[in-house]
Amino acid sequence: MKFCMPRYPSDSKAVRALAHTPEVFDAEMKYLDDVGYHVISFHELENYFKNGTALPARPIIISFDDGWGDQFMYAFPILEKYHYPATFFVFTNPIGTKGFMTWDQLRTMQKAGMTIGSHSRSHPYLTRIADPKKLWNEINGSKQALERQLGVTVNEFAYPFGQYNADIVAATVQAGYLSARGDRYYRGEQTADRLYELDALNAPTTLALFARMFPAR
């Protein structure tokens, strides 16, 4: 499940279709708890497929893309309120610039139990990069930058715009990631042979639609 937030009155129709207000996001997080979903991490999913480690009933993963500062300001406190882990996939070039999270903010979330994943260096369409060196720099270079700054191994990658091909998947594996998330329609079940092609759902921006997508039973 992938989130975008917050929503502003000046947002375009396309952005409004994805962005959440903090109030709606809070209500959605409460709903997950009320109806018995259990929020897990990508690490737990990886261990389930690779080592057979048990998962709780009704597991769900929460993730955010890009590293916008609003995610730290609005989403992070709500996640802490409900004691939910989440993965923030950030692209590294704009970290610390206007509108984006700083390294200190990323470290704060990491210390609180959030996972920081890689989303490339500059958020390009990876499928349009013909030069293998440039592709490697986007995929592996962002991993190295995050690991230097955060002092942890970065194991998860999210393909910019959700787009990938066999060469991109191969580079992601070679870089040492343990899983990678796309942005295609969820096909009903994640499987061990698709750990580098994980599906995601863009979370609905109203509680009613959210409850319809994630029913109580």
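Hey, for a label at His83 modelled as a point 7 Å past Cα toward Cβ, could you say which residues of segment 36-66 have their backbone N under 14 Å away? Only 38-40 pass the distance filter.
In this structure Trp68 has an accessible area near 100 Å², from a 1.4 Å probe over the protein heavy atoms. Counting only heavy atoms of the protein chains and using a 1.4 Å probe, His43 has close to 100 Å² of accessible surface.
When all alpha carbon pairs of the chain are counted in 5 Å bins from zero, the resulting P(r) reads 1, 7, 15, 19, 21, 18, 12, 5, 1, 0 %. Note on Asp193 and Asp131: the model spin-label points, each 7 Å out from Cα along the C-beta direction, lie 3.7 nm apart.
When the solvent-accessible area of the chain is split by element, carbon and sulfur atoms take up 54 percent of it, the probe being 1.4 Å. With the helix formula -39500 (n - 2.57) applied to DSSP H stretches of n ≥ 4, the chain reaches a computed 222 nm mean residue ellipticity of -9000 deg cm²/dmol. Accessible surface for the chain, divided over its residues, is 49 Å² per residue with a 1.4 Å probe. Counting lysine pairs in the chain whose alpha carbons fall under 20 angstrom apart, excluding pairs fewer than 8 residues apart on the same chain, gives 8.
Placing R0 at 30 angstrom, the Cβ-Cβ distance between Trp103 and His43 gives a FRET efficiency of 0.85 after rounding to 0.05. Taking the square roots of 5 times each eigenvalue of the Cα gyration tensor of segment 96-191, largest first, gives ellipsoid semi-axes of 22, 17, 13 Å.
The values are calculated or read from the model by the stated rules, or taken from the named source; none is laboratory data. Note that the structure is predicted; figures quoted are calculated from it, not measured. Here Cβ is always computed from backbone atoms with ideal geometry, including for glycine, and neighbour counts include all displayed protein chains. Heavy atoms of the whole protein, side chains included, go into the accessibility calculation; ligands, DNA and RNA do not. Shrake-Rupley method; radii C 1.70, N 1.55, O 1.52, S 1.80 Å.
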